[in-house]
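The structure appears below as structure tokens.
Where a number appears in this text, it was derived from the coordinates with a stated rule and is not lab data. A quick note: this is a predicted structure, and the numbers were derived from the prediction, not measured. Reconstructed Cβ throughout: ideal geometry from the backbone, glycine too, with neighbour counts over all protein chains shown.
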Amino acid sequence: MYFKKLFKRKEKTKGTITTAHIKDILDESDDIVFSDFHIGANDRVQMALLYVDGMVETKLINDFVLKPLLTERWFTEAVSSKDVVTLIEEGKLYFASHRLIQDIGDCINDVIMGNVAIIFDDINIAITFDVKGFDKRSISEPSGENVLKGAKDTFIEVLRTNTALVRRKISTPKLRIKQVVVGRQTLTHIAIVYIEGLTNKNLVDEVIKRIEGLDIDEVVSIGYIEEYIVDNKITAFPLIASTERTDKFCANIISGRVGVLIDGLPIGLIIPGVLNQFLQAPEDYSQNFLVSSLIRLMRFLLMILTLLLPSIYVSIVTFHQEMIPTDLAIAIAGSKEGVPFPSFFEILIMLIAFEILIEAGIRLPKTIGNAVSILGALVVGEAAVSAKIVSPGVVIVVALAGISTFTMPNQDFSNALRLWRFLLTIFSSIAGLVGLSIGSLLLLFHLCTIETFGIPYLTPFVSHGGKSFMDTLFRLPLYLNKYRPDELKVENKRKQR
Amino acid sequence: MKRQKLFLYIILSTILCLSGCKVSSYFPSKAEIENLEFIRILGIDKSPQNPEEIRVTMLYMARESQPGGKAGGNSDGDQKGEASKIRTVVWEGRTVSEAIKGAQMISERQIFLGHVFAVIIGDEAAREGITKYIDFISRGMELRLNNNVYIAKGSTAEDLIVKSSQSGKSLPDTIEHFQKNYGSTSTSGSLKLIELMGKLDGENNGIFIPALNIVAQESDSTQGGEKGRENIAIELDGYGIIKGHMLIGYVDKQLSSAINILNNKYISGDIVVSDPYGYAVTLEVIEMHTKKEYKFKGDDIESVMLNIIVNSNVGEQHSNKNIYDKASLEYLFEQQADAVKDSVYSIVEYAQKHNVDVLGFGKSLFQKHPVKWERIKDDWDSIFPNLKVDIDVKSRILRTYDITQPNSMEDMK
């Protein structure tokens, strides 16, 4: 039952439950509706109806709360508020979920969440009914994580719908959805999803502990949770995976990870997130394993390409020209004739231009976004080369690196790669391949030092080898992959016979 | 964490300290690619005017945007097509290094030797001794050790480079084609700088360096007319034989093939023999392998047995007779074996006469009998010229390609 969920955090409001008290607290708001009613024999029982306009289904109130109270024989014969409360408790008012409240704070929280409250001033008791009825977006197709063969449903902004979507996919009675409330002002409900007897208990406890420990004003985007609960805060790499896809979310829960759903956000968080996860796409498991393995290997290579290509170009064109095949070297040198900038600066200009195009594409409406892309490609690609601001080789290098970025299944991860691409290019411009080696080493060192909820970020490449490698560079046939990831220390390691 | 950081510092300092750069600068030197002149061929000669000096000729390809015109001592920038892209720079100095740096003074870009494809040593310079000329190219940081080394047969490297550029063909491309087509004739192979260095450092190794020759086509040049660039071609013409680091002479294409046979570098080629009726038959070699067996008496080497296997296909037949009966085939086997034997005997005779072990005997002795080689290696110069060499050739013909009998065969009619 929804009302039986434990609210860990609530607005601390003192006082007995009376209409006057509640009016004192809420009366400034115009969307709060108070209505006084008299029911029972000779209208002896006085009660007040309280709800937030727009968040409730008024038909439910009229038909299933008010109508029975005013017309049913049991209630019309009642002589006191106490009688009415007893009748409701006995189930004479046939409404699936109601809650008897004696604390004014609970009462106000329930009303704010979209319940209707009947307040009996004389006995200082309120009964709330779940009549939520606010508008919500319907379940739609994924916008950022499209797959050809796979489920099309995604999370929406309503927590309860999202938990229901998960429950539909993971029907085991051992699925646990624990809710906590975070945010002093937003009072956002956050659901922690895991499977009892499978997920590592320590991991679950740690996630709940960290989320419960948050004392912040608002939770209006996933960053408010993610940034506060991760171990290593100074890193561009995502330490928690996020997805809008329910199938991906559920697959991770079944693997032994902990999921987090936030009310108001159509995204599920998966804890912990390691590098290997960010290179896996849901479609890997719906295609032939040979094809998937090839694509996944290509994805790893493209990760290296997008990270290193501009810096390798700067290195070999500026420091190690002997590495380039002669004909290509002559062609590059010829195309750079007349370009006034050094290669590093050219690459920098193009990388920045590329970032500008991406930003512009995201912010603008779709119709104008296309125009910007065409304009950007024409201006940056064609005009800049013709005007001898950059050489064609640089355009090709940056375009290749840019397109490779888009093959990364996770946007946060590709953003981190974009950032490091800049850094490595700077290292290369200082000392060529020596600089690139130093930069790459620093990146590797950084990745090695990161831990997410006690798990090394480069797992299973640096630890927990063996069986976990089956689902890394290659995706081996599913019938061979009999165990859940070692690093998660799940309580039930074997996932199939 | 502290250990990790310490480990990181150690790796970083190792990268910096062992980068191979000079102490004053840990980082490699920086130069924008468009400011470099990519030298493709490096020619080294003795200076014709001053015997103490070295003359260096450098060939490079002009870029699209580069205007025609002289870029140094010799060039033909006004010519069309490929020739218009070819430039040469010539400079002299006491050392190769000094000459190259001197040429820098007249070059519009920084001379860059990282793309040198071949080093050509002039005939006269090679006869004087090649070691002093190749020291710079072996030592230089920019030059690669997989450069090809050639000798300009009977001319200077400068002459060869300049005349080749006049022919309108790119000399680097020509040399590259020679290397790619080696398998079709197996006459003159290629020699990498690193191989040459190894041979110069080795003991009793005869060295053979591919020789490039300028050939003038007879049509125009003999008539005293104007020399057009189509009249000049560069040919790969046998090997230059080096003894004691000095060029002692050249061997022709047939002897070069025999050197390749004995060093197991022969890939394929044609052997033209006569059939029992006196008509020519071309046998295309598909396998040629030599095994050297040494006979010893105590520690003294008595003789070398060269077991050569040659297998071929019939590539062409001029007669219209059936030459595929047992007797005819055996005749052809014998002819083929004799042709191989003749070549091998000729090169053995040449090598023993000049006491230069280009046959690979010393090397294979060292590999097969290292202990015995240690005992005889100091006397190898006196042993080699008198060494008894026996040859046994196992000759076979395997296939006849698309047809067996010739067209219009007599017996069929």
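Modelled spin-label separation between B:N264 and A:K92, with each label point placed 7 Å from Cα along the Cα-to-Cβ direction: 10.8 nm. Considering only B:P276, B:V358, B:H318, and ranking their Cα positions along the charge dipole of the range B:261-413 that arises from unit charges at the beta-carbon of Lys, Arg, Asp and Glu, the one farthest toward the positive end is B:V358. For peptide B:124-133, the mean count of partner chain Cβ atoms within 10 Å of a residue's Cβ comes to 0. The alpha-carbon positions of chain A define a convex hull whose volume is 180 Å³ per residue. The B:K199 and B:V371 beta-carbon pair, evaluated with R₀ = 30 Å, returns a calculated FRET efficiency of approximately 0.85. Taking every C-alpha pair closer than 8 Å and separated by at least 6 residues, the mean separation divided by the residue count of the range A:8-130 gives a relative contact order of 34 percent. With a Förster radius of 30 Å, plug the Cβ-Cβ distance of A:L100 and A:S29 into 1/(1 + (r/R0)^6) and report the FRET value to the nearest 0.05. Efficiency, rounded to the nearest 0.05: 0.75.
Ordered by the number of other Cβ atoms lying within 10 Å of each residue's own Cβ, fewest first, B:K2, A:K467 fall into the sequence B:K2, A:K467. Per-residue Karplus couplings for the range A:336-347, computed as 6.51 cos²θ - 1.76 cosθ + 1.60 with θ equal to phi - 60°, are listed in order as 8, 4, x, 7, x, 9, x, 4, 4, 5, 4, 4 Hz, Gly and Pro entered as x. The modelled label-to-label distance between B:D379 and A:F422, using points 7 Å beyond Cα along the C-beta direction, is 7.8 nm. Separation of the range B:273-306 and the range A:102-143, taken as the distance between their Cα centroids, equals 103 angstrom.
Note on the protein assembly as shown: antiparallel DSSP beta bridges, both residues inside, total approximately 80 percent of the bridges counted. Only one residue of A:T472, A:Y194, A:I455 has its Cα farthest out toward the positive end of the dipole of the protein assembly as shown, where Lys and Arg carry +1 and Asp and Glu -1 on Cβ, and that residue is A:Y194. The dipole here belongs to the protein assembly as shown: it is taken about the Cα centre, uses +1 on the Cβ of Lys and Arg and -1 on the Cβ of Asp and Glu, and is about 2500 debye. Fewest neighbouring Cβ atoms within 10 Å first, the residues A:S171, A:S221 line up as A:S171, A:S221. Straight Cα distances below 15 angstrom link B:K292 to the aspartates and glutamates B:E302, B:D357, B:D390, B:D392, with same-chain residues fewer than 8 positions distant left out.
Counted over the range B:252-413, the DSSP beta bridges are approximately 65% antiparallel.
DSSP loop chymotrypsin sites (Phe, Trp or Tyr not before Pro) in the range A:84-179 with at most 12 other Cβ atoms within 10 Å of their Cβ, which ones? Within the range A:84-179, the qualifying chymotrypsin sites (Phe, Trp or Tyr not before Pro) (loop, at most 12 other Cβ atoms within 10 Å) are A:Y94, A:F134. Listed values for the range B:348-360 are Karplus-derived 3J(HN,Hα) couplings in whole Hz (6.51 cos²θ - 1.76 cosθ + 1.60, θ = phi - 60°), namely 5, 4, 4, 5, 6, 5, 8, 6, 10, 7, 8, 8, x, and x replaces Gly and Pro. In loop segments of the range A:161-214 as defined by DSSP, the GluC sites (Glu not before Pro) with at most 15 further C-beta atoms inside 10 Å of their C-beta are A:E196. Here the extension length gained between B:A280 and B:N307 equals 7.1 nm, from 0.36 nm per residue of separation less the Cα-Cα distance. Candidates B:N386, B:P406, B:S328 compared by Cα position along the dipole of the range B:320-413: farthest toward the positive end lies B:N386, with charges placed on Cβ.
For the residue pairs A:K23/A:K132; A:K152/A:K495; B:K199/B:K265; B:K101/B:K243, alpha carbon separations beyond 28 Å are given by B:K101/B:K243. In plain terms, the residue of A:R497, A:R160 with the fewest other Cβ atoms within 10 Å comes first and the most crowded comes last, giving A:R497, A:R160. The alpha-carbon of A:K482 sits under 13 angstrom from the alpha-carbons of these aspartates and glutamates, leaving out residues fewer than 8 places away in its chain: A:D471. Close amide H contacts of B:E316 (hydrogens built in the peptide plane, cut-off under 5 Å, sequence separation of 5 or more or a different chain): B:T282. In nm, what is the difference between 0.36 nm times the number of residues separating A:Q185 and A:T76 and their Cα-Cα distance? Stretched fully, the A:Q185-A:T76 segment lengthens by 35.1 nm.
A simple rule links phi to the HN-Hα coupling: the Karplus curve 6.51 cos²θ - 1.76 cosθ + 1.60 with θ = phi - 60°, which for the range B:337-346 gives 4, 5, 4, 5, 4, 4, 4, 5, 4, 4 Hz, with x for Gly and Pro. Within a straight-line Cα-Cα reach of under 29 Å, A:K233 can be paired with the following lysines, leaving aside sequence neighbours fewer than 8 residues apart in one chain: A:K8, A:K10, A:K178, A:K201, A:K209, A:K248, A:K489, B:K2, B:K5.
Ordering A:477-490, A:136-149 by mean Cβ neighbour count within 10 Å, with the highest value first, yields A:477-490, A:136-149.
A crude spin-label estimate for the pair A:L328 and A:N202, with each label 7 Å from Cα along the Cβ direction, gives 4.9 nm.
Just tell me how shielded A:332-345 is by partners: mean number of partner chain Cβ atoms within 10 Å of each residue's Cβ, no decimals. Kindly include the intermediate steps, with their values, before the conclusion.
Numbers: counts 2, 12, 8, 5, 6, 5, 2, 2, 0, 1, 3, 4, 2, 0.
Going residue by residue through A:332-345 and averaging, the value is 4.
The mean sequence distance of close C-alpha pairs (under 8 Å, at least 6 residues apart), as a share of the length of the range B:82-209, puts its relative contact order at 27 percent.
What FRET efficiency would be calculated for the residue pair B:R94, A:E355, taking the C-beta separation as r and a Förster radius of 56 Å, to the nearest 0.05?
Efficiency, rounded to the nearest 0.05: 0.55.
Extension gain for B:Q352-B:S13 works out to 116.4 nm (0.36 nm per residue, less the C-alpha to C-alpha distance). Counting only Cα atoms, the protein assembly as shown measures 139, 67, 65 Å along its principal axes, largest extent leading.
Which of the chymotrypsin sites (Phe, Trp or Tyr not before Pro) across the range B:262-331 are loop residues per DSSP, with 15 or fewer other Cβ within 10 Å? When the chymotrypsin sites (Phe, Trp or Tyr not before Pro) of the range B:262-331 are filtered for loop state and at most 15 Cβ neighbours within 10 Å, B:Y277, B:Y279, B:Y324 remain.
For B:R144, nonlocal amide neighbours, meaning residues 5 or more places apart or on other chains whose placed amide H falls under 5 Å from its own, are B:V116.
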